[in-house]
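**Student:** Here's a structure for you.
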Amino acid sequence: MLERVIATLTTSFGLIYTHAALSRDLNSLLPGFFSTLLNLTCQNALLPAILTALHVLIPEHSSAFRPTLGATGTLMLSFIDGPYSPEIKQLAAKVYVDLHHSAQKGGNTDHWRSCLLGVVAEVHMVLDRMFEVVEEGIFFSHSTNLDRPKLAMSKGVGLRPFEEEYSVLIVTGMDRIHSLVVVIREFLM
């Protein structure tokens, strides 16, 4: 039932983008709708409807979404790197890429570029961690990797660090790389 409400409101708010007469009356309701959607993300059953609504509305109503830009980026990354279905990860990747529309005026391109480079750097950091043993030939906790330069922008996007044993790290690292490749694909589409 709630999925239908979200879909109906998404369609209604989508119409105000093309109908100026409606926009004056309904624009003030958008920030509340966005906040409600973000608050409902704790209900896993609603995630497809919520993420679809965000994907549809953020590009059209970017300025109304701007106050929640930072928190939404972090939330989308938790879905991308979390124990969610491929469908949820794909939708979260789309929303994460859409967030550049809500960057400060004139900063859309810089935000898009920064996020893309952060995701690429995150893949690089995962690969560094996975191949420490191969490169050094010793157990990963003892390797220092001082002889090789790191990626210039190895800041990443702030995903949780790996603290698993190497055998578990390989599997979780491959899962993370797969999820991040989905995000990169969305950036390039």
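**Student:** Being open to solvent by 30 Å² or more (accessible area, probe 1.4 Å), at negative phi, in contact (Cβ under 8 Å) with a residue 60 or more places away in the chain and not polar (S, T, N, Q) narrows it down to one residue among LYS105, LYS94; which is it?
**Tutor:** On the way: LYS105 fails: in contact (Cβ under 8 Å) with a residue 60 or more places away in the chain.
None of the other options fit; the residue is LYS94.
**Student:** Restricting to the stretch 17-41, name every residue that is assigned to a helix (DSSP H, G or I), more than 21 Å from the chain's Cα centre (by Cα) and among the polar types (S, T, N, Q).
**Tutor:** The answer is SER23, ASN27, SER28.
**Student:** Could you look through the stretch 42-77, keep only residues that are modelled with pLDDT under 95 and either polar (S, T, N, Q) or outside any helix (DSSP H, G or I) (or both), and pick out the one that is least open to solvent (accessible area, probe 1.4 Å)?
**Tutor:** By that ranking, first place goes to THR72.
**Student:** Quick one: in the stretch 165-189, of everything that is among the acidic types (Asp, Glu) and either in contact with a strand residue (DSSP E or B) (Cβ under 7 Å, 6 or more places away or on another chain) or surrounded by 12 or more Cβ atoms within 10 Å (Cβ to Cβ) (or both), which residue is farthest from SER78 (Cα to Cα)? Reasoning before the result, please.
**Tutor:** At the first step, the residues of the stretch 165-189 found to be among the acidic types (Asp, Glu) are 165, 175, 186.
Pick out the ones that are also either in contact with a strand residue (DSSP E or B) (Cβ under 7 Å, 6 or more places away or on another chain) or surrounded by 12 or more Cβ atoms within 10 Å (Cβ to Cβ) (or both) and you get 175, 186.
On the way: ASP175: 14, GLU186: 17 Å.
My answer is GLU186.
**Student:** Okay, moving on. Based on what the data block shows, is SER28 of a type in the set (S, T, N, Q), farther than 23 Å from ASP110 by Cα and open to solvent by less than 70 Å² (accessible area, probe 1.4 Å)? Break it down into steps so the answer makes sense when it comes.
**Tutor:** On the way: of a type in the set (S, T, N, Q): yes; farther than 23 Å from ASP110 by Cα: yes; open to solvent by less than 70 Å² (accessible area, probe 1.4 Å): no.
Against the criterion (of a type in the set (S, T, N, Q), farther than 23 Å from ASP110 by Cα and open to solvent by less than 70 Å² (accessible area, probe 1.4 Å)), SER28 does not qualify.
**Student:** So which residues in the stretch 153-183 are assigned to a helix (DSSP H, G or I) and aromatic (Phe, Trp, Tyr), if there are any at all?
**Tutor:** Keep residues of the stretch 153-183 that are assigned to a helix (DSSP H, G or I), which gives 166-183.
Correct list: TYR166 only.
So that you can scan it fast, the table gives a plain yes or no per residue for (1) aromatic (Phe, Trp, Tyr); (2) over 30 Å from PRO161 (Cα atoms); (3) touching a residue at least 24 places away in the same chain (Cβ under 8 Å):
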| position | (1), (2), (3) |
| --- | --- |
| ARG4 | no, yes, no |
| LEU15 | no, yes, no |
| GLY32 | no, yes, no |
| LEU69 | no, no, yes |
| ASP110 | no, no, no |
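**Student:** VAL134 - would you say it is farther than 24 Å from THR41 by Cβ, modelled with pLDDT of 90 or more and open to solvent by 60 Å² or more (accessible area, probe 1.4 Å)?
**Tutor:** Numbers: farther than 24 Å from THR41 by Cβ: yes; modelled with pLDDT of 90 or more: no; open to solvent by 60 Å² or more (accessible area, probe 1.4 Å): yes.
No: the conditions fail for VAL134.
**Student:** Moving on to the next point. For the condition outside any helix (DSSP H, G or I) and open to solvent by less than 30 Å² (accessible area, probe 1.4 Å), what is the one hit in GLY82, GLY14? Steps first, answer last, please.
**Tutor:** Working: GLY14 fails: outside any helix (DSSP H, G or I).
None of the other options fit; the residue is GLY82.
**Student:** What about ASP98, is it within 30 Å of VAL171 (Cα to Cα) and either touching a helix residue (DSSP H, G or I) at 6+ places or on another chain (Cβ under 9 Å) or not hydroxyl-bearing (Ser, Thr, Tyr) (or both)? Spell out the reasoning first.
**Tutor:** On the way: within 30 Å of VAL171 (Cα to Cα): yes; either touching a helix residue (DSSP H, G or I) at 6+ places or on another chain (Cβ under 9 Å) or not hydroxyl-bearing (Ser, Thr, Tyr) (or both): yes.
Yes; evaluated as a whole, the condition is true for this residue.
The values are calculated or read from the model by the stated rules, or taken from the named source; none is laboratory data. Keep in mind it's a predicted model, so treat the numbers as computed, not measured. Glycine gets a Cβ as well: all are built from the backbone with ideal geometry, and neighbour counts include every protein chain shown. Surface accessibility is based on the protein's heavy atoms, side chains included, excluding ligands, DNA and RNA. Shrake-Rupley method; radii C 1.70, N 1.55, O 1.52, S 1.80 Å.
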